[in-house]
Structure formats: structure tokens, C-alpha cells
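Engineer: Can you read through this structure? Questions will come right after.
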4 protein chains.
Amino acid sequence: MGGRPTWLYQLSKAGKLCVPAMNVNDSVTKQKFDNLYCCRESILDGLKRTTDVMFGGKQVVVCGYGEVGKGCCAALKALGAIVYITEIDPICALQACMDGFRVVKLNEVIRQVDVVITCTGNKNVVTREHLDRMKNSCIVCNMGHSNTEIDVTSLRTPELTWERVRSQVDHVIWPDGKRVVLLAEGRLLNLSCSTVPTFVLSITATTQALALIELYNAPEGRYKQDVYLLPKKMDEYVASLHLPSFDAHLTELTDDQAKYLGLNKNGPFKPNYYR
Amino acid sequence: MGGRPTWLYQLSKAGKLCVPAMNVNDSVTKQKFDNLYCCRESILDGLKRTTDVMFGGKQVVVCGYGEVGKGCCAALKALGAIVYITEIDPICALQACMDGFRVVKLNEVIRQVDVVITCTGNKNVVTREHLDRMKNSCIVCNMGHSNTEIDVTSLRTPELTWERVRSQVDHVIWPDGKRVVLLAEGRLLNLSCSTVPTFVLSITATTQALALIELYNAPEGRYKQDVYLLPKKMDEYVASLHLPSFDAHLTELTDDQAKYLGLNKNGPFKPNYYR
Amino acid sequence: MGGRPTWLYQLSKAGKLCVPAMNVNDSVTKQKFDNLYCCRESILDGLKRTTDVMFGGKQVVVCGYGEVGKGCCAALKALGAIVYITEIDPICALQACMDGFRVVKLNEVIRQVDVVITCTGNKNVVTREHLDRMKNSCIVCNMGHSNTEIDVTSLRTPELTWERVRSQVDHVIWPDGKRVVLLAEGRLLNLSCSTVPTFVLSITATTQALALIELYNAPEGRYKQDVYLLPKKMDEYVASLHLPSFDAHLTELTDDQAKYLGLNKNGPFKPNYYR
Amino acid sequence: MGGRPTWLYQLSKAGKLCVPAMNVNDSVTKQKFDNLYCCRESILDGLKRTTDVMFGGKQVVVCGYGEVGKGCCAALKALGAIVYITEIDPICALQACMDGFRVVKLNEVIRQVDVVITCTGNKNVVTREHLDRMKNSCIVCNMGHSNTEIDVTSLRTPELTWERVRSQVDHVIWPDGKRVVLLAEGRLLNLSCSTVPTFVLSITATTQALALIELYNAPEGRYKQDVYLLPKKMDEYVASLHLPSFDAHLTELTDDQAKYLGLNKNGPFKPNYYR
């Protein structure tokens, strides 16, 4: 779901972007729905369908406390897991503290946790050294991006035995009999082992379609060979299309209030930098 | 706490801003700590100190689901209140839905709720008409800004009796004996009736001080007579200064990871548009 | 899992119980683990595996706020559903209020809800009349006992069409095209469509085994032809056997404290009536 | 609120109880409302009014996971604190695990926590040795019973300086300058530093009054010189009297359902041993 905007920005910076591009991934609705709200449900679903693990009382470390990590942590905490966070960014780390999670380095907890989940967008976050130190039957999975976050390649060595126990679930077995439960061979758990609610797909697809329409219809010169964020008003439009399914009733500004706030009654209601 | 950036942007738009300005209010740390996390605690504290109300089972309507509203709603829901939301912005409304709140127009629930809380930044959100329809002993207060959100002026009429029951708490009494409990005469509850944790003050003050230092030290020409957001790196610096009090341990990127992500190992870790 | 102790008590009352019996179902560990904690997870799992429904923003009515209902409600609320409760017992109803749920009669919300879940131990809680009034694509399932809570028989009439869309999932189609999604034909969702964690099975099986051992080993005359609750000390023993898997460290009473409390240092720590 | 039933049972056991007694403390409404739901709110209120502490990110240890402890932990967790539990009873310890708390011995965490809360009903749970090891500005308070849980006497020695910083708040100062913040001199925080909602008082007072009426009106011989639990039906009656303030609508059993369940349509709905 959603590409990695990092690549777009790198292409743009290198002068190699040959068309205008919309960074749909960082629109508010995409960020919140596809990442936070969707992952809040799919982490539970993906773990249950593959391992039938009980969440209550489990110790879990989540690497990365961005939107995906926030969604995973909220769900796991709500179901009685004890969650630790690793972070590189002090702002996200401070948010994790305020949300009631210990912020640790992976090494501090790797021996004691029952589940390891990566949500970083980074690579080699879980290394062979970490895998060597995990306890028996520890579950390892990736909710971040691509298949690089867990160093799965390092596990394909002669001294380790792989045993496929069911679709998307491998036991990697150490010489001393220790088993690590690897899900989806380190690929995205939410895409491999869980379903994506049609509601979330609808939000993402609508956003993508509107972005394409905007790029196609825009008068020459509005967009250059660069990466743009979706105009706030379109983001709001996507959201408004999805409110009726919750029977949600929006309040309208009075003329007086719109004037007071300096806003158009039809939006956009937030500045472009708002998240 | 924090000015209203709307005014700065209006001044700038009108060409009347005579110095560069930093919109500190919309820095991530300020938004999250001063608004979301602080209000999560001060809504409870402010209501308890003024009214001793029990939260469990109470029906509450919160007007506005921005950071302040999100903080209020999370706290009240966690303590067993049933919370309704009013919103003008479809994005925030959709977030409220996904967080488990009914999104309604104020008129739909005004007769049944026990507490009304405004967090909009708007004016006349609670009108005399709403106040007339509230049930006996309904509590009304403002967590938003200024003293305009509740139309308190409309209550200063001869047919209504005001009775000060304790500091910051007025009973406004209708001819039929109905009482509405008005807190802080419609001014900010969190500033009038609650305390602000020193930790949050430290974050806000540090952010403001760094913004001033940046403006003062910046080479001529870096900032024009406009409104700027705090550079992400400074925001991250403020956060990192406050991590030790939680005994939080930040993870450092390896060279290889920094290269993969296209980031400097010392940050900034997120694009400027990130919230 | 666990029989219906009501039957045992009815047999006993009628003088038809021909052996001593242990009411294992009402032991604390069974009640809390098999019912509350297990259902907290299996309601989510069962709904996801059968329908892929998104929980966020969904309106759900849960009939019955006993241990099973409490577990279901806590999980659904935590994932962003808006939950209504029906109850016959004022004590449970008051608990639901304090936990932040509206207590309603089924008729009040049946037209608006997205999911109906029964957890009552009763029969005909969801009647044909209720089913007739549900909105299109409403999901109906049973977490309580047996297959009597939803009046499924009333749906087997010529004017309604049944369409099996996947294992354990039927669409019942009204003449106007409305579809109700019936799970497991009204049998227990947690047993039919979800897995039971081995940890919970271990607690239940250990409790049952200990009860049988106690009955077998008991000196003649300790137990008559009646229904007994598991001795508190055995309940505590079952719990203590399961603590190491959470790396939980129990505190021991000092002699002085044991004397002060009038307890044996090895338990039982709670009176028999404690839940 | 509510006496200590332990004493009643000890008197009874010793044959020294000279009148029949009702153990009102262990009625369901008293346990749930006076203990769990009330403490959920008063722990926050008591800490705020005395210390203005921010809950987010704070490390807290709660000694005892009975109803009072459960209430305190739920509230603190919901507001972003990281909570550890100590327990002597394996059943309560296992519940703590499933609710997402680490169960530890006090010594394991005493150096790192920001707040220590006792809810045990025991004595000397926090000893001078523990107090010596606390970090600077650690807050210590008692939500349990009496004033015995924290060994306050051990702090009244010449080498420690007491400084009263406001009503109910003492700083106890060690020779090296370390300060421990002691609330209410170890007496009950919820009674000394917080308010009790009138709603909860109403439930407790109604229960006590009904118990007295029952004892007074009972035909000779119904109650002997022993300790009795409140009849379930009265407990239900107390609850039903308090439902209207939440606008809660109770469902009534049909004749058919009552017969199926073997219940009277007017209750009692649960067996006497139900909690």
C-alpha cells in the first residue's frame, strides 16, 4: 500500500524525476487510515492467523514509533501485552514515553520478549546477533516496508534448519533446538498474513485517484517535475466521502464563524502543514 | 500557552508583519505536549477540582477533535465517560469515528449530556439556545482558546441568576430552577482551574527560547518578514533534552542505515512537513 | 469449554445429582481466563477470520455484560468500535455504565448497529423481529453458549434465501435484497471460527484435572451429592503454575504480615467467596 | 469507607461476635463502586491535588492488585504511566499479567520508580529499607487501608528532616539531600486528599442502610452471631436504584426466558457466590 516517498524525493533531489508526482503516502487520510488505523487491526489479525498467539501478558518489542508503530502498540497494549519501543527519532521517542511505553535499545530486551515487530522503513533493524539472542519460540515479523527490516538472509546458513509449519510461518531452528518463529519470511505481515479492510482500501484508492485526476487536469505549469503533497482540500474531500458510512454528522460553520477563523465555509479547514 | 498562529498568518498575509516570526505553536513538541498530552491530564484535573464530578458513566460532548480535543476525549473515555464529538473538518471527524466516538451536531445530544467541553478555537460554539436546552446541573467549560467559545455574554441577562458556588464555579439559574454549572466564566479551564505540569512548561519554554535564539542568530536574509515553522532539527533537539527524565534510550543509526535512508545520523529524521 | 453449571445446580436441587460435582466453570481462573481474557481476543479473531470487518467506527451491540461480554466489549472498544450493552441484571448494567457503555434495550439500537453479539447464556435474545429490522450487511454472532441465543430457526423460512459465502459464514437474504451475515449458524463463534490459545486451555484443563483429583482423593464424607466450588487454594495453585511463563515474581508474606492478616503464608489468600 | 471484614471474621472465628453482622464491604456494588470505580478516579485526583505530577511517562509501582489496585492501575495506565505490580496472591498476579502489567518484587523496581502506591490491606509493605533506596522526589502514598501499609514510623528518626510543603504533603529529606514526597503521612490518600463522588457515597450508604434494615426486620433465627454477605437480591436492588441517573434501560426477561434460566423475572439474577 503506498510507495516509499523517500525514493520520490531522492529522484527529485537528483534531478531524475521526469514528471510531477504526488506524495499520496503522506496525505493525512493515507497516513492515518492506511497506516495507523489499518495497522492497529492488522497486527492483531496477522499474528492470530499465523500463530494463534495469546496477546495478554506477552512481552513485545516494536521497532519504530511512527504511524504504523503507534497503531501496532495501541492495539497490543489494549489487549494486555507489555510493549517496549525502539526509536531513532527523539520526537517519536518522547511520544512513546508519554503514551506509556518504555523506550529501550533492542539489545536491552531482546532476551526476554515474546514477539519482535519492525515498523521502521529501515534495513537490518533486527540482525543475526539479535536473532541469536532471542528466546525459544520468539515470534519475529515485519510491519514496516519491503523485506529488509529483518536480516533474513543471515538466517539462510547451514547451521540453522528451516521448517515450514504452515503457510507464511517458518520455524528457524538453532543447533541447540531453539526455534524462532519467522512470519512471511520477513515480508510485510499486514499484506501477507492479514486482510486489508475494504474501507481502508477505498480511502487509499480514492486518494490516489484524486491525485491522478488533479495532475491530469491541472493547468500547465501548476506542477513541475517535483514531488507535491496532496492539496489539503482534496484530503478533506476524500474524508467527507467516507463519513456517511459511520452516520457521522458534520457541523457547518456559520458565516460569522468562518469570518472569525478566516476560513471558507467549505474548507480547507486546516493549513497545508497540518497533520 | 502559545499564541494563536492564525493571527500571525493573517498579519503576514496582510503584509503587516514587521519582523520574522516562528510559529512555535505548530511545532510537533508544542502540539503534542502542550496540547494533546497536557490537556489529557488537565481536563480531568480541572473538572475534579471545580466540580468533584465522577467521570464514569457520564455523557460528555466535546466540540472539536484537534489535538486538544483528542487529549480530552482519550482521558474521558479511559475513565468511563461516553463521549460525543462535534467537528467541522471531515478529516478530524473521520479520525473521531475511527477512535470510537459518535460524531454529531451539538443539537442532537445537548439535552442528554452531563458535560459540554469546547476545544475549537472558534467563537459562539455553545450558544444561548444550546444553554437553554441543557439539562439541570450540566457542566459547561472551555479548553480551546480565549473566552469566546461559549457565548457567556448571552447568559448575563436579567431572567437568569448567577450564583458563585466556589472560586471559578458559577451556577447560572434559569427561572424554572434549572442550573447550568459554568466553569471559569468560559475562560480556559486548563489555565484557570488546573495546573500545568512543569515538564510541559519546560518543553514549551525550551522551544520558545530556541526559536528566539534561532531568529536572533540567523544570518541576515535567512528569515524574511514571514511566519516560519520551527526547523525540524530544533524540534528534535528539544525532545532529546527531555528524554533522560524518562530514562529513555535512543537507538543510533549505523552508517549503513543512515545511507540507506538518506539521513544524517544526527537528524533531522523526519521531513519538515511531518507531524 | 466448561459446562453450564446451571444444569448441575438444577439437578442438585431436584435431588437427581448422583455424585459430588465441582463447579469448575465458576472458579476464578476459569471465569477470568477462559471467559474474560480468552473472549477478549477471540471475538476479534473470530470476526476477522470470517468477515474481515474493520472494527474502527463500527457500532456494535453486545447482549449480556458478564465475563464474556466484558471481554468482548473491552476489546471492541479498544479498537475503536462504539459499543452498546443490553442487560437484565442491574448490577452488570451499572458496571457497563461505569465502564463507559450505553445500556439500552435491543430495539433501541437494532436499526443502526453494524454487529450484534450475544453473550447471555439465555435463549431467543435475538428474535426474528430483531433480525427483520437489522440494516443491510449487519453481522450477527453468538459468544454465549449453545446455539439458542439467536433464533436461527426463525430464519429457515421460504421467503428468506440462505447463501453460504464461506465456511461458517451465511448470508441470509430478505426479499428486498437485504443481507444479514450470520456466523457459525448461531453456534459459538469462539469455538467455531477462532482458535483458543493453548495457554488458556492449559489453565482450564489444569483446573478440571485438579478438581477430579480432589473428588477422587477426598476422604469419604467430605463431598456429598451436591455441587461444590473449587477450593480457593486449588484455584491459587493453578494460577501459580502459570506465572512463570510471564516471568512474574510473587511477593511472599513475612511472618509478621501473615499474622497481621490472619493468613497462612502459603495461602489461601482470599476467602472462598472472593471473585 | 467500609470497615475491614477481616476483623469481623476473626471475631466470629474467636466466638466473640455478639450480634449478627453483614459484610457490606464484600457486596458486589460496594466492591466495584466504592473500591474499583471510585479509586480509578481518586488516585488521579489525589495525586494531582497534592503534587501536580504529570502522569504521562511516569514509572509507578502499585502494591496489591485487588479491586483498589485494579482501579488505580487502569487509570494510571490509561494516562500514560508505566505500571508495575507486586502481589502475594497468584490469582491476582495472573490477572495483572493478563491486563498488561509486569509483576515484580518491590526491590526490583524501587530504585527506578517515580511513584509508589500501596493497596494491600497489609502492614509494612513499604519499609524503611525501600524508602532508603527510592530516588529523589519519589512520591509515596497509600490507597489501601488504615495507616500501616507504609512504615511511616521508621521515618521519624533524627537523621531525616521533615518539611511540610503544603497540606497533606511532607518532604522527608535524607542527609544527602534526597527527598521523598510522602502524602497524608501514609493515611488513605483517597479520603485525605481527594473527594469521593456523591454517586459512590449514595451506593455505599444505600447498601449499608439496606443491610441494617434487613438485620432489624429479619425473623428471629434467620441470622445468628455470624458474618453474612448481603443477599444478592438486595445488592441488585441497590444497583437498580442508581441506573436512572445514567439513563440506562434494563431488559426484562420473557416468561419463557425466565423459565429456561430457572430465574425469577425480578431476580436475583446471579447466584450468591457471583462477583
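Engineer: Out of segment B:120-139, which residues are open to solvent by 40 Å² or more (accessible area, probe 1.4 Å) and more than 13 Å from chain A (Cβ to nearest Cβ)?
Structural biologist: Passing the criteria: B:ARG128, B:ASP132, B:ARG133, B:LYS135, B:ASN136, B:SER137.
Engineer: Here is a check on your reading of the model: is A:VAL68 touching a residue at least 60 places away in the same chain (Cβ under 8 Å) and away from chain C (no Cβ under 11 Å)?
Structural biologist: Numbers: touching a residue at least 60 places away in the same chain (Cβ under 8 Å): yes; away from chain C (no Cβ under 11 Å): yes.
Criteria met by A:VAL68.
Engineer: Could I ask something else about it? Mind listing whichever residues of segment A:109-137 are in contact (Cβ under 8 Å) with a residue 12 or more places away in the chain and acidic (Asp, Glu)? Quick ask: steps written out before the conclusion?
Structural biologist: Narrowing segment A:109-137 to residues in contact (Cβ under 8 Å) with a residue 12 or more places away in the chain: A:109-128, A:130-137.
If the condition is that a residue be in contact (Cβ under 8 Å) with a residue 12 or more places away in the chain and acidic (Asp, Glu), then A:ASP114, A:ASP132 are the ones that fit.
Engineer: Restricting attention to segment D:243-260, does a residue exist that is at the interface with another protein chain (Cβ under 7 Å from one of its Cβ atoms), closer than 30 Å to D:CYS141 by Cβ, in contact (Cβ under 8 Å) with a residue 12 or more places away in the chain and part of a loop (DSSP other than H, G, I, E, B)?
Structural biologist: no
Engineer: Considering only residues of segment A:29-72 that are among the acidic types (Asp, Glu) and in a helix (DSSP H, G or I), which is farthest from A:GLU236 (Cα to Cα)?
Structural biologist: A:ASP45
Engineer: Given the residues A:LYS32, A:LYS77, which is the only one that is under 26 Å from C:LEU243 (Cα atoms) and open to solvent by 10 Å² or more (accessible area, probe 1.4 Å)? Please lay out each step first, then the result.
Structural biologist: Numbers: A:LYS32 fails: under 26 Å from C:LEU243 (Cα atoms).
Just a single option satisfies the conditions, and that option is A:LYS77.
Engineer: Scan segment B:19-45 for residues that are within 11 Å of chain D (Cβ to nearest Cβ) and farther than 25 Å from B:VAL104 by Cα and report the count.
Structural biologist: 4
Engineer: Scanning for something surrounded by fewer than 24 Cβ atoms within 10 Å (Cβ to Cβ) and of a type in the set (Gly, Ala, Ser), does segment A:42-49 turn up at least one residue?
Structural biologist: No; the residues of segment A:42-49 include none that is surrounded by fewer than 24 Cβ atoms within 10 Å (Cβ to Cβ) and of a type in the set (Gly, Ala, Ser).
Engineer: Only one of A:VAL200, A:VAL196 is assigned to a helix (DSSP H, G or I), open to solvent by less than 40 Å² (accessible area, probe 1.4 Å) and modelled with pLDDT under 95; which? Don't jump to the end; show me each part of the working.
Structural biologist: Numbers: A:VAL196 fails: assigned to a helix (DSSP H, G or I).
Criteria check complete, one pass: A:VAL200.
Here's the yes/no breakdown for (1) buried (at least 24 other Cβ atoms within 10 Å of the Cβ); (2) free of Cβ contacts under 8 Å to residues at least 24 places away in the same chain:
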| position | (1), (2) |
| --- | --- |
| C:ASP52 | no, yes |
| C:THR86 | yes, no |
| C:ALA93 | yes, no |
| C:CYS97 | yes, yes |
| C:PHE101 | yes, no |
| C:VAL104 | no, no |
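Engineer: In segment C:99-119, which residues are more than 9 Å from chain D (Cβ to nearest Cβ) and assigned to a loop (DSSP other than H, G, I, E, B)? Before the answer, list the steps.
Structural biologist: Quick first cut of segment C:99-119, residues more than 9 Å from chain D (Cβ to nearest Cβ) only: C:100-101, C:107, C:109-119.
Residues satisfying the conditions are C:GLY100, C:PHE101, C:ILE110, C:ARG111, C:GLN112, C:VAL113, C:ASP114, C:CYS119.
Engineer: Turning to a different aspect of this structure: Say whether the condition of being within 24 Å of the chain's Cα centre (by Cα) and within 27 Å of C:CYS97 (Cβ to Cβ) is met by at least one residue in segment D:254-266. Don't jump to the end; show me each part of the working.
Structural biologist: Filtering segment D:254-266 for residues within 24 Å of the chain's Cα centre (by Cα) gives none.
The answer is no; no qualifying residue exists.
Engineer: Name the residue that is modelled with the highest pLDDT, counting only residues in segment D:1-28 that are assigned to a loop (DSSP other than H, G, I, E, B) and under 21 Å from D:ARG187 (Cβ atoms).
Structural biologist: If we filter segment D:1-28 for residues that are assigned to a loop (DSSP other than H, G, I, E, B), which is where we start, we get D:1-4, D:14-20, D:27.
Within this subset, residues satisfying the condition of being under 21 Å from D:ARG187 (Cβ atoms) are D:1-4.
Numbers: D:MET1: 35, D:GLY2: 41, D:GLY3: 47, D:ARG4: 57.
So the residue we want is D:ARG4.
Engineer: Also: Just one of D:LYS265, D:LYS270, D:LYS224, D:LYS233 is crowded, with 18+ Cβ neighbours inside 10 Å and not assigned by the TED database to the domain that holds D:HIS145; which is it? Before the answer, list the steps.
Structural biologist: Values: D:LYS265 fails: crowded, with 18+ Cβ neighbours inside 10 Å; D:LYS224 fails: crowded, with 18+ Cβ neighbours inside 10 Å; D:LYS233 fails: crowded, with 18+ Cβ neighbours inside 10 Å.
Selected residue: D:LYS270, the only one of D:LYS265, D:LYS270, D:LYS224, D:LYS233 that is crowded, with 18+ Cβ neighbours inside 10 Å and not assigned by the TED database to the domain that holds D:HIS145.
The values are calculated or read from the model by the stated rules, or taken from the named source; none is laboratory data. Note that this is a predicted model, so its numbers are computed, not measured. Cβ sites come from the backbone with ideal geometry, for glycine too, and all protein chains shown count toward neighbours. All accessible areas refer to the heavy atoms of the entire protein, side chains included, with ligands and DNA or RNA removed. Shrake-Rupley method; radii C 1.70, N 1.55, O 1.52, S 1.80 Å.
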